[in-house]
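Single-structure report; data block below.
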Amino acid sequence: MIQALLELDCFPAGMEMFPAANEDQWSLIQEVIRLSDYYVVIVGGRYGSVTPEGISFTEKEYDFAVECGIPVLGFVHADPNSIPVGMSEIDENARERLEEFRKKVKSRMVKDYATADELASVVSRGLIRAMKQHDRPGWVRGDQAMTEATRTQIAELRAALAEAERASLEQVATEGGAEIDDRFEHGDDEVSVSFTVEHGYDGSQTVELKFTWDEIISGLGPAMLDEASEVQLRKLLGDMCWRELLTVPDGDWATVLHPRITVDHDSWGTIVVQLRALKVITNGTKRRTVSDKAVYWRLTPAGDAYLVRLTAIRRDDASSPEKDDTA
């Protein structure tokens, strides 16, 4: 019979899946019945396990389905006396309770059956008829169950979540005040930057130069006053490396045409980690298209203040107009 139900695109939740003799399972059984579109009861030769009240769990389930207003389909064995003894109630009291239950079920619309094959047939036909007479919600895919109101609500929640994440990132960006963390190397401390110079038909060459951290911040900082991608920043650092390379004494780099500079990955990683440790930079927070997978960096308030101290042009006190005390 289970196969017959599956062929009708039904999802059977047979009560035989639950330990019927366990009263603790009754709340679960009730929930399964409430969520069912139709309730099918089959009365054969046994009354079944009984509750402490003396009623079988099957009858208790039946009564609950009727109480909930769920369409009930009853199927009763046409000739109980022909049922083998091994599948029938032997206890007289149980036989009497079974007969009473049989009469209760037959008080509503029922179908008789005599064999297992016939039972599958009458259940299938009965369900088809019930589906036509009693339109029920049924089971639907989750993506097809949403209404326009639900979709709108989900879109609003996603927008709110994105705004909260943006605000959180901005808060992180402002942590640490306007001062860098001077526990880490900075200022005139030096860092080695390794990079590769590709120059036409002559192949490539790996070079290593030293920069102070102030030179690094001065060179990259202006690009991060708004936000800049790692691709942009690594190119800027490559340009810095090339300009510095051209100043190397006894070098013939000026003869290289159209050089391609690639900063070593480890060197770039060292710089990023150090600038983050100094609280000079933080991740970008601007919204971008889904296809934009680049990593963006921006100056923190501490980084902005540090860059200003490094690069802002100061007035020459000697050129300042003297105050005329005689006026």
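Summary table below
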| read-out | value |
| --- | --- |
| Residue in region 180-192 that is among the small types (Gly, Ala, Ser), surrounded by 16 or more Cβ atoms within 10 Å (Cβ to Cβ), modelled with pLDDT of 90 or more and more than 12 Å from Val280 (Cβ to Cβ) present | no |
| Subset tally (residues that are under 18 Å from Ser218 (Cα atoms) and assigned to a loop (DSSP other than H, G, I, E, B)) for region 288-308 | 1 |
| Matching residues, region 76-125, being among the β-branched types (Val, Ile, Thr) and surrounded by 14 or more Cβ atoms within 10 Å (Cβ to Cβ) | Val76, Ile83, Val105, Val110, Val122, Val123 |
| Criterion (under 42 Å from the mean Cα position of the chain (by Cα) and assigned to a loop (DSSP other than H, G, I, E, B)) met by exactly one of Pro52, Pro137 | Pro137 |
| Cβ-Cβ under 6 Å pairs, at least 6 apart or on other chains, region 28-46 side buried (at least 18 other Cβ atoms within 10 Å of the Cβ), far side of a type in the set (A, V, I, L, M, F, W, C) and assigned to a loop (DSSP other than H, G, I, E, B) | Ile29/Phe18; Tyr39/Ile70 |
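The values are calculated or read from the model by the stated rules, or taken from the named source; none is laboratory data. Note that the structure is predicted; figures quoted are calculated from it, not measured. Please note: Cβ atoms are built from the backbone with ideal geometry, for glycine as well, and neighbour counts cover all protein chains shown.
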